[in-house]
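Just below is one structure, and these are the notes that go with it.
Since every read-out is calculated from the coordinates, none of them should be taken as a lab result. Note that the structure is a prediction, hence the values are computed from the model and not measured. Here the Cβ positions follow ideal geometry from the backbone for every residue, glycine too, while neighbour counts run over all protein chains shown.
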Amino acid sequence: MPIEIKDIADFTGIESEDFDKFKEAFNEKYVPKETHAKTLGELNGKLSHEINKTAKEFGVDVESWKGKSTLEALPIFREGIKAKLAEMDGNKSATATELEAKFSGDVEKWKQKATDNGQLLETAKTELATLISTVETDKRQFKIDTHLDKAFAGLKFSDNANEYTRAGFKSAMLGKYKFDLTDEGAPIARDKTGNIVQSKGKAGVSATFDELLGFEIKEAKLESVVDTKKTTTFGAPTNPIAGVKTAEPKRFTPRFVQ
């Protein structure tokens, strides 16, 4: 059965012979269900926020209505505000001695808390400064060790210098010198008195790690040295075949151009 215009007018309470005017009047009078629910939700959220904000300003415990609807929270909020106002009225007539006795415990508690927080802050500052210093020191030492390891790796030890001899040489160098960096990051070495070890090849310049260790390995007579006077001899083959005469060994002396 089709719906009659009169039935729609009776149901909505809107009478109009013009359909466009009917739609305009209907939209003004009725709100879609989705829009209605969204609007109510936003309003409820704003109201709940204002209740909590006001409660915190007055020192009312907002946890007392946590999980409850806004309508359930309002009576609890109202009673909390009334209690705070009554407390404030009582404080107005209280003497200084009464107020001091009433709040002295809280004052001391907050004083102690402030002191504790101050000590924690100073401790945190000290620990942070120590951490920063440690990190910078480690970074500096890493750079020194990198330069030093490269210098030690470049040394040419003689064949008779075994691993213990090499380890002893390195230990002696670390004990004799303090290997360091300049403010610009260049490697330098200092003697036991703290003086910078000067280069033997360039005046007014500090010795590099390579130069210093190279000088020390020569002084210790541990450097591999090529003997230019050594004569290379080529002899007859070993285990000659029986009955076969072998030639006399020839001697070869290399010549070096001066």
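Structure notes:
- Projected label points at N117 and K178, each 7 Å from Cα along the beta carbon direction, are separated by 4.4 nanometres.
- Taking amide H as placed 1.01 Å from N in the peptide plane, the amide H of L181 sits under 5 Å from that of I188, each at least 5 places away or on another chain.
- Multiplying the residue separation of F26 and T70 by 0.36 nm and removing their Cα-Cα distance gives an extension gain of 12.7 nm.
- Shape summary of region 137-219, radius of gyration then Dmax from alpha carbon positions: 13.0, 40 Å.
- Each of the peptides 76-87, 127-138, 155-166 was scored by the mean count of other Cβ atoms within 10 Å over its residues; in descending order, highest first, they stand as 76-87, 155-166, 127-138.
- For the pair A186 and E136, label points projected 7 Å from Cα toward Cβ lie 2.2 nm apart.
- J(HN,Hα) series, region 106-118, from Karplus relation 6.51 cos²θ - 1.76 cosθ + 1.60, nearest Hz, glycine and proline x: 5, 4, 5, 5, 6, 4, 5, 5, 5, 5, 4, 5, x
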